[in-house]
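Bear in mind these aren't lab numbers, they're just calculated from the coordinates by the rules spelled out. Everything quoted here is computed from the prediction, not taken from an experiment. As a convention, Cβ positions derive from the backbone with ideal geometry for all residues, glycine included, and neighbour counts pool all protein chains shown.
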Amino acid sequence: MENATALGMPMLGICRGLQELNVYFGGTLRPSLAAWRPESGQMHAEKPDRPRDRQYDAAHSVRICSDGALFPIARAVAAQVNSLHNQGIETLAAALKREAWAPDGLVEAASVIGAPTMQIGVQWHPEWHVATDLLSQQLFAAFGAACAAYRQTKKQ
């Protein structure tokens, strides 16, 4: 992350990637969402009664900040996302902007403030339903475009 940030490289952190981005910039994590709020533990936890391919179905909504870096990608202020984690952001690092949050207030997406390109982390797993989920498609399309643009700057 240090090199990517210093070089202005695009980054897309997924699940733990969002958490690592936050910790790298000085934020903290809640080690147990269930200990924080039992209902949060249930909302975000793995669903062991579901088959593996259904574990990553939509679990809850997120609100998307209309003045952030995620909004132009999502083109919406709300979305449904999957959720399979038992820890989450407690204190958001000062270098990050909250981009989306769950109904319980937990940060679900954040971006690097002042980044010259896409440097975003999301708590959910967009890779699981990319063939059918519009937000997943938009995230990966934006990340691909940011990577292509970055590569072009290095060719010059």
Original post:
Between R52 and V130, what is the label-to-label distance in nm when each label sits 7 Å out along the Cα-to-Cβ direction?
Top reply: 1.9
**OP:** Between A58, A35, A93, find the one with the highest GNM mean-square fluctuation for the chain; connect C-alpha pairs within less than 10 Å.
**Re:** A35
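For segment 2-155, give the magnitude of the charge dipole about the Cα centre (Cβ charges: +1 Lys/Arg, -1 Asp/Glu; no others), in debye to the nearest 20.
On the way: 14 positive and 14 negative charges, 74 e Å.
The dipole of segment 2-155 has a size of about 360 debye.
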Subject >> Debye equation applied to the C-alpha atoms of the chain, log10 I(q)/I(0) at 0.11, 0.14, 0.19 Å⁻¹ >> reply: -0.41, -0.67, -1.20
Original post:
In whole Å, what is the distance between the alpha-carbon centres of segment 1-50 and segment 55-85?
Top reply: 14
Subject >> Farthest positive-ward along the chain dipole, Cα basis, beta-carbon charges - from Q87, Q156, W36 >> reply: Q156
Subject >> Label point distance in nm, Y24-L7, each placed 7 Å from Cα along Cα→Cβ >> reply: 1.2
